[in-house]
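Remarks on the structure that follows.
All of the numbers you see were taken from the coordinates with simple rules; none came from a lab. Treat the numbers as computed from the prediction; the structure is a model and nothing was measured. Note: ideal-geometry Cβ built from the backbone for every residue, glycine included; neighbour counts use all protein chains shown.
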Amino acid sequence: MGTVLITGAAGGIGLELTRHYLRGGHQVFAVCRKATAELNASGATVIANIDVIDEQSYSALTQSLSGIELDILINNAGVFGDNTLGSIDYENIEYQFKVNAVAPLRVTEALLSSLKPGSKIAMITSRMGSIADNGSGAYYGYRMSKAALNAAGVSLARDLAGKGIAVGLFHPGFVQTRMVGFAGDISPELSAQRLAQRIEALSLQNTGGFWHSSGDKLPW
């Protein structure tokens with residue numbers, strides 16, 4: 001059994017990942033801006049009032065994790081915006097970059113002292129961040145921010161390999177969550193189960209890879 005930290009844990013995929021790892025006997029630190037009744041009832045150690053784009057939140061986060069060693073860090077917190085050419089909201093694009101690309105890197109750097117040889121970092125990204133897979137255009141902020149997250153994840157994989165820490169980039173699937181108006185084709189429970197399988201398979205031999213939660217390798 002191990003110790004797992006999950007950001008964006010209040011609902012959706014984050015909540016189901018929390019429940020999944022708790023069922024497996026892990027200690028789970030569930031990080032969120034505002035705790036939900038479901039998260040509070042889960043049995044996780046809830047670290048609430050953490051906004052991943054707020055500088056002051058990082059002091060609170062690192063203090064909460066002082067002396068804790070993490071086996072798995074899951075950067076799950078994210079936002080989705082529909083930015084269509086001709087009516088692009090550039091402030092919204094910048095916000096997506098802050099949450100989707102910069103914050104996972106910042107969380108990882110803030111918690112480096114809690115990671116050890118054998119630890120794993122999972123970046124919950126999207127196949128919409130794939131340039132080769134983009135066959136429909138649009139969604140500028142989301143695609144750009146997730147592509148940036150992928151770039152950061154690969155750099156982290158290279159920088160942390162010498163410390164024995166593996167990094168994986170994982171697309172959860174098109175999941176029925178509030179973020180997409182519950183329009184997905186798989187449940188958060190199934191996505192969490194598949195993501196956990198991918199994280200289990202993550203190692204220094206495949207660090208820096210980009211996978212669908214189904215196990216398929218995704219193009220950059």
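Summary table
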| quantity | calculated |
| --- | --- |
| Tilt relative to the chain, helix 55-64 - C-alpha long axis, 0 to 90 degrees, to 10 | 30 degrees |
| Efficiency of FRET between Leu112 and Asn40 - r from beta-carbon atoms, R0 22 angstrom, step 0.05 | 0.15 |
| Semi-axis lengths, Å, region 53-146, gyration tensor of Cα atoms, sqrt of 5 times eigenvalues | 30, 16, 7 |
| Inter-probe distance in nm under a simple model that places probes 7 Å from Cα toward Cβ, at Gln205 and Thr62 | 3.6 nm |
| Charge context of Ala103, other residues only, Cβ under 14 angstrom, K/R +1, D/E -1 | -1 |
| Counting all C-alpha pairs of region 1-115, share separated by more than 20 Å (%) | 42 percent |
| Leading residue at positive end of dipole, the chain (Cβ point charges), from Leu160, Ser203, Ala48 | Ser203 |
| Global size of region 3-212 as Cα Rg and Dmax, reported in angstrom | 16.1, 50 |
| In sequence order, calculated HN-Hα J values of region 19-26 (Karplus, 6.51, -1.76, 1.60; Hz; x Gly/Pro) | 4, 4, 6, 5, 4, x, x, 7 |
| The chain: relative contact order as a whole-number percent, Cα under 8 Å and 6+ apart | 19 percent |
| Full-stretch length increase - Ile88, Ser214 - with 0.36 nm per residue and alpha-carbon distance subtracted | 42.1 nm |
| Region 1-90: GluC sites (Glu not before Pro) in DSSP loop, at most 11 other beta carbons within 10 Å | none |
| Förster radius 25 Å - calculated FRET efficiency between Asn49 and Tyr95, Cβ distance, rounded to 0.05 | 0.85 |
| Residues Val175, Val31, sorted so that the one with the fewest Cβ neighbours within 10 Å comes first | Val175, Val31 |
| Using alpha-carbon coordinates, inclination of helix 188-201 to the longest axis of the chain, degrees | 70 degrees |
| Positive minus negative residues near Asp216 (Lys, Arg vs Asp, Glu; Cβ under 13 Å) | +3 |
| Relative contact order (%) - criterion: Cα under 8 Å, at least six apart; region: region 121-220 | 33 percent |
